[in-house]
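Following: one structure in structure tokens, then a few remarks.
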Amino acid sequence: MAKANQIEQTTNNHIVLDTKDIAILKILQHNAKATVKDIAQEIHLSTTPVHERIKRMEQQGVIKQYATLLDYAKVKKNLMVICYVSLKEHSKNAGTKFIKHIHTLSEVIECYNISGEFDFMLKVVAENMDDYYNFHVNKLSQSENIANVQSIFVMGVIKQTHVVV
């Protein structure tokens, strides 16, 4: 049984994070630019243990990367589309080729391998409908193994977060 001040986070490495680690992660998820000094003050630790905890969580892969979240409209990506893709062939080689192709497409900002009627779900951003049409016809559909693509156009974003703890 975990101590009262610890929350066990089970991953492939069975990493245990205590309440101070969780507090650090919450702060960093809301503001990746938070300084070690600011975090230390907020969670009532000195800077050295905070720095050591962050480095440990980076080394363990708990913290994968730091990112800047953009306002899509302000960078001319006004159209968001969810694309469901099914493949003709379901061999390991065919799936690997499709995944490699997806990694080359800058319009695809997220890709998930899913179960059900479709094999993959893509989150695509484009400047406008013409830009998306060009992406669909001249890029996505050029993958040799695509059986079906269903495009769903996002009308509005209700909730969008990366915060998990």
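No lab work stands behind these numbers, since they all come straight from the coordinates. Note that the coordinates shown come from a computational prediction; the quantities given were computed from them, not determined experimentally. As a convention, Cβ positions derive from the backbone with ideal geometry for all residues, glycine included, and neighbour counts pool all protein chains shown.
Starting at 0 and stepping by 5 Å, how many percent of the alpha carbon pairs of region 6-59 end up in each bin?
Values per bin, smallest distances first: 4, 20, 32, 26, 12, 6, 0.
Dividing the convex hull volume of the Cα atoms of region 102-165 by its residue count, what figure in Å³ per residue is obtained? The partial results should precede the final answer.
On the way: hull volume 8.3 nm³, N = 64.
Residue-normalised Cα hull volume stands at 130 Å³.
Note the full-extension length gain between F153 and A32 as 0.36 nm times their separation in residues minus their Cα-Cα distance, in nm to one decimal.
40.5 nm
Where nothing but the Cβ of Lys and Arg (+1) and of Asp and Glu (-1) is charged, how large is the charge dipole of region 70-152 around its Cα centre, in debye to the nearest 20?
200
So which of K97/K139; K26/K74; K100/K159 end up more than 23 Å apart by C-alpha?
Numbers: K97/K139 14 Å; K26/K74 27 Å; K100/K159 29 Å.
In this structure, K26/K74; K100/K159 exceed 23 Å between Cα atoms.
Please give the FRET efficiency for N93 paired with D130, using the beta carbon to beta carbon distance and R0 = 30 Å, rounded to the nearest 0.05.
So the FRET efficiency works out to roughly 0.30.
So how do S46, S143 line up by other beta-carbon neighbours within 10 Å, fewest first?
Details: S46 11, S143 19.
Lowest to highest Cβ neighbour count: S46, S143.
Using label points projected 7 Å from each Cα along Cα→Cβ, tell me how many nm separate A73 and S141, to one decimal.
Result for the modelled spin labels: 3.0 nm.
Taking only C-alpha pairs under 8 Å that are 6+ residues apart, what is the relative contact order of region 72-153 in percent?
That works out to 49 percent.
Based only on other Cβ atoms within 10 Å, what is the fewest-to-most ordering of T47, T96?
Ordered by Cβ neighbours within 10 Å, fewest first: T96, T47.
How would L105, L87, L70 line up from fewest to most surrounding beta-carbon atoms within 10 angstrom? Working shown, then result.
Values: L105 16, L87 19, L70 11.
Fewest-to-most ranking of L105, L87, L70: L70, L105, L87.
Give me the Å³ per residue figure for the convex hull around the C-alpha atoms of region 1-145.
Numbers: hull volume 23.4 nm³, N = 145.
Here the figure is 161 Å³ per residue.
Nearest 10 degrees, 0 to 90: what angle lies between the long axis of helix 19-30 and the longest principal axis of the chain (Cα atoms)?
Helix 19-30 sits at roughly 40 degrees to that axis.
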